[in-house]
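The values are calculated or read from the model by the stated rules, or taken from the named source; none is laboratory data. Quick caveat, the model's predicted, so the values are computed rather than measured. Cβ placement follows ideal geometry from the backbone for every residue including glycine, while neighbour counts extend to all protein chains displayed.
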Amino acid sequence: MNQIVKGSQSLEFQNAPYIVSAASVAGSKEAEGPLGKLFDMTNEDDLFGAQTWEEAESTMQKEACVLALGKAHVEAEDVRYLFGGDLLRQGIATSMGVEALQIPLFGLYGACSTSGEALALAGMSAAAGYGEYMLAVTSSHFGSAEKEFRFPLGYASQRPLSAHWTVTGSGAFLVQAAGESDPEKKSHVRIAGVTIGKIVDYGLKDSQNMGACMAPAAMDTIVQNFADMGRSEMDYDRIITGDLGYVGQSILFDLVRGKGYDIREKHLDCGMAIFDQQTQDTHAGGSGCGCAAVTLASFVLPKIEKGEWKRVLFVPTGALMSTVSYNEGASVPGIAHGIVLEHC
């Protein structure tokens, strides 16, 4: 068997699949941030030539997929399965975005953790021999997310300092099984293993403080990865969360310290990296499915590819809520999935 069960929630791959290409598409505000020059495609018009925010998000997903396939010189018909998701009802950004590619689709919802869910399933499927190529893609859009989860933009509601700014962006990743074909198509980044997260609910109900809602799930997955893999924070060059932001990061540090670990020197948060807190008025930081995805594609993977980081634990986080659950007074549980990425 190529997949070795580790502990209670993890898998380690004997012949680890590769991330052979990745692509990032981002909006205008993201282009003005610290990572702006690293994205493959940006647009001053956040509608991307479309008529609605939702259509714009679909356009970003399609462009990200096409770019990722083009970088690897792989045709859409060569991809066995596509794992994709977004934040909108019924996953319409994904279904309408990738329709033209005609790749068999698994539509996913893990809130802002969806990039981790998609990569985990793509890696597991490739390692299991279900196909040579798998494609993982996620997206979010500030305009569509505000309309879906909060208030119409014209309402001009005041945002608390704990609130996040939903990233307008899409990231796509082409995963290739090990030992299947031309080695020149392999990269120096492999998915060595995964730790699939559980739903963790500390009873918080403030949807404008998602960092606090998601931090317990991030802690749970990180600590479980250490236990399952027989590792500690010292075995990783970086431990990268999705979008806890400035509020969630401090909570994460406290929670992990309570379990006997200190990840302060190893930690990086995509929601903090993608915007400049001092100049861009994004409060607690970035969020959305696109946040971790575009940061991974544009900033993290190149460092692993070059060997600057040898092993990274990538842990995108999600707040599992809807307008219905929020309006009915339900709490906001979180989930986080861990992807072990290694230089090879």
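Would you say E305 is surrounded by fewer than 23 Cβ atoms within 10 Å (Cβ to Cβ) and at pLDDT 95 or above? Let's see the steps before the verdict.
Values: surrounded by fewer than 23 Cβ atoms within 10 Å (Cβ to Cβ): yes; at pLDDT 95 or above: yes.
Here the answer is yes, as E305 does meet what is asked.
Quick check on region 1-31: of everything there that is among the aliphatic types (A, V, I, L, M) and assigned to a loop (DSSP other than H, G, I, E, B), which residue is farthest from F48 (Cα to Cα)?
Ranking the candidates gives M1 first.
Of the residues that sit in region 319-337 and are crowded, with 24+ Cβ neighbours inside 10 Å and touching a Pro at 6+ places or on another chain (Cβ under 9 Å), which one is nearest to R89 (Cα to Cα)?
Step by step, filter region 319-337, then rank; the result is A319.
Where in region 228-344 are the strands (runs of 3 or more DSSP E), entirely inside, with at least 3 residues that are touching a residue at least 40 places away in the same chain (Cβ under 8 Å) and out of contact with any helix residue (DSSP H, G or I) (no Cβ under 9 Å at 6 or more places or on another chain)? Even if it seems obvious, please write down each step before you answer.
On the way: elements: 238-241, 267-269, 311-315, 317-319, 334-336, 338-343.
Answer list for region 228-344: none.
Right, S162: over 16 Å from the mean Cα position of the chain (by Cα), outside the structural domain of L244 (by TED's automatic domain parsing) and modelled with pLDDT under 95 or not? Let's see the steps before the verdict.
Working: over 16 Å from the mean Cα position of the chain (by Cα): yes; outside the structural domain of L244 (by TED's automatic domain parsing): yes; modelled with pLDDT under 95: yes.
So S162 fits the description; yes.
For region 217-238: of the residues being surrounded by 24 or more Cβ atoms within 10 Å (Cβ to Cβ) and aliphatic (A, V, I, L, M), which is nearest to the chain's Cα centre (by Cα)?
A218
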